[in-house]
Amino acid sequence: QQQQQQQQDATEDQSKGEVPALAAEAVLVVSEEIPDTPTVSGYDFNNGIDLAKLIDSYGNVGFQSTNLGLAIEEINKMLRWRLSDEPIGENDDITDPEERKATKCTIFLSYTSNLISSGMREILRFLVEHKLVDVICTTGGGIEEDFIKCLAPTYLGDFALSGKELRLKGLNRIGNLLVPNSNYCKFEDWMNPILDQMLEEQQRDGTVWTPSKMIHRFGKEINDPSSVYYWAWKNDIPVYCPAITDGSIGDMIYFHSYKNPGLVVDIAGDIRGINDSALRAKKSGMIILGGGIVKHHVCNANLMRNGADFSVFINTANEFDGSDSGARPDEAISWGKIRITAKPVKLYSEVTLVFPLIVARTFAKYYYEQKQLEEEQN
């Protein structure tokens, strides 16, 4: 009956030469006032080429560009925070004003192995070389590929290369990168004597080798400033690798167990190490590049302090399958891995496309600003 009445009204409106009232009401809905929020805009190349301003403009573009802008803001909050920003609490163990000014946010950096295989390695090394991060978590491949690159190069290839043909040529493909199998043979030749030394120290001195201790030892032995883990050893930045045997290092340990058996790797020591790093942090920030174990391991460590204060996730995974890799930050809040007061950011993107831009407007900008400030003070 209502529909018939609406049709009748529309017919009458037409006969009067008026827009049907139903259509007008449906299309011309009155808007409420938009709350105080930025308007959408992009970079205007009529103003020339300014890469810093171009990156800064991403925040107002929309879609994942806006999330990139939010990720830059979140990381800058990690870098700028000082304990002196907070009022002194009743149970605060640091009350000296100068010490509070010097107490920074503890930044956890996690990444998957493909990023070390790629040219992202040099950007990650910059962060570690200049002590811009405090704790690292990665996979077995994320460790070995760094050392292998010190011994022999990785090459650009193509995603479409035939796996069969590459196998017959002894070439391993990582996406559109190629790693000759001879690189891993060189790695074995380099690593075996170190494993022998580690076993000897274990038996002679009672040394307990955790994955993080192993990685620092490898960083010391490689003695190459192009290595991420050389700088981690040099700057005493812990590198946690809960799956250190999942890759070529595991292969080498396996072969070594036949040639010179007895080496023991203690993972329990490292779970205490990474959890304590989170527990002791006055403020905690997580930057997680990719998913899987490196994402969950750092999130779970921050559960020990009732969640990280700042968080940036960058990956291409979605949550529809219930995977932790695809889980949005809000799921981590439900577990207590990110604080309920936090404003975390997830950027849906392939890391190599966006992280260099993010570093340019966060870590690199901060480093050169601090360097200039020190030079002026001296």
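Read-outs: derived from the displayed coordinates by stated rules, not from any lab. Keep in mind that this is a model prediction, so the values were computed, not measured. Note that we place each Cβ from the backbone using ideal geometry, even for glycine, and neighbour counts take in every protein chain shown.
A few notes on this one:
- Sites listed here are chymotrypsin sites (Phe, Trp or Tyr not before Pro) in segment 157-193 whose DSSP assignment is loop and whose Cβ has at most 10 other Cβ atoms within 10 Å: PHE159.
- With a Förster radius of 30 Å applied to the C-beta separation of CYS185 and ASP205, the computed FRET efficiency comes to 0.45.
- Charge dipole (the chain, unit charges on Cβ, about Cα centre) - positive-most of ILE244, SER31, PHE355: ILE244
- Positive-end residue, the chain charge dipole about Cα centroid, Cβ charges, pick of PHE320, VAL135, ILE116: ILE116
- Simple Cβ-charge dipole of the chain, Lys/Arg +1 and Asp/Glu -1, about Cα centre, in debye nearest 20: 1180 debye
- Net charge of Cβ neighbours under 12 Å - reference VAL133; Lys, Arg +1; Asp, Glu -1: +1
- 3J(HN,Hα) couplings calculated from phi for segment 104-119 with the Karplus curve 6.51 cos²θ - 1.76 cosθ + 1.60 (θ = phi - 60°) are, in sequence order, 10, 5, 7, 9, 8, 10, 10, 7, 8, 5, 4, 6, 6, 4, 8, x Hz; Gly and Pro show x.
- Alpha-carbon centroid distance for the pair segment 81-132 / segment 261-281, whole angstrom: 20 Å
- Using alpha-carbon coordinates, inclination of helix 293-303 to the longest axis of the chain, degrees: 80 degrees
- For the pair THR95 and ILE267, the difference between a 0.36 nm per residue extended length and the Cα-Cα distance amounts to 58.3 nm.
- Scanning residues 5 or more positions from LEU177 or on other chains, those with amide H under 5 Å from its amide H are GLY157, with H placed 1.01 Å from N in the peptide plane.
- Gain upon complete extension [LYS53, ALA360; 0.36 nm per residue less C-alpha separation]: 109.4 nm
- Take the Cβ atoms of ALA24 and GLN64, set R0 to 41 Å, and the FRET efficiency comes out at 0.65.
- Each residue of segment 306-316 was assigned a 3J(HN,Hα) from its phi angle through the Karplus expression (A = 6.51, B = -1.76, C = 1.60, θ = phi - 60°), giving 6, x, 6, 7, 10, 8, 10, 10, 10, 6, 10 Hz with x at Gly and Pro.
- The gain in end-to-end length when the GLU350 to LYS371 segment is fully stretched comes to 4.5 nm, 0.36 nm per residue minus the alpha carbon separation.
- Using θ = phi - 60° and Karplus 6.51 cos²θ - 1.76 cosθ + 1.60, couplings along segment 184-199 (whole Hz; Gly, Pro as x): 6, 5, 5, 5, 4, 4, 6, 7, 4, x, 5, 4, 4, 5, 5, 5
- Packing-based ranking, highest mean first, of 24-37, 62-75 given that Cβ atoms within 10 Å are counted: 62-75, 24-37
- The helix-only estimate of mean residue ellipticity at 222 nm for the chain, built from DSSP H runs of length n ≥ 4 each weighted as -39500 (n - 2.57), is -16000 deg cm²/dmol after division by the residue total.
- For log10 I(q)/I(0) by the Debye sum over Cα atoms at q = 0.06, 0.13 Å⁻¹, the value calculated from this model appears in [x] -0.20, -1.05; [y] -0.23, -1.12; [z] -0.33, -1.15 under label [z].
- Each label point was placed 7 Å from the Cα along the Cα-to-Cβ direction; for GLU32 and SER323 their separation is 3.8 nm.
- Compared with the dominant principal axis of the Cα atoms in the chain, helix 268-280 is inclined by about 50°.
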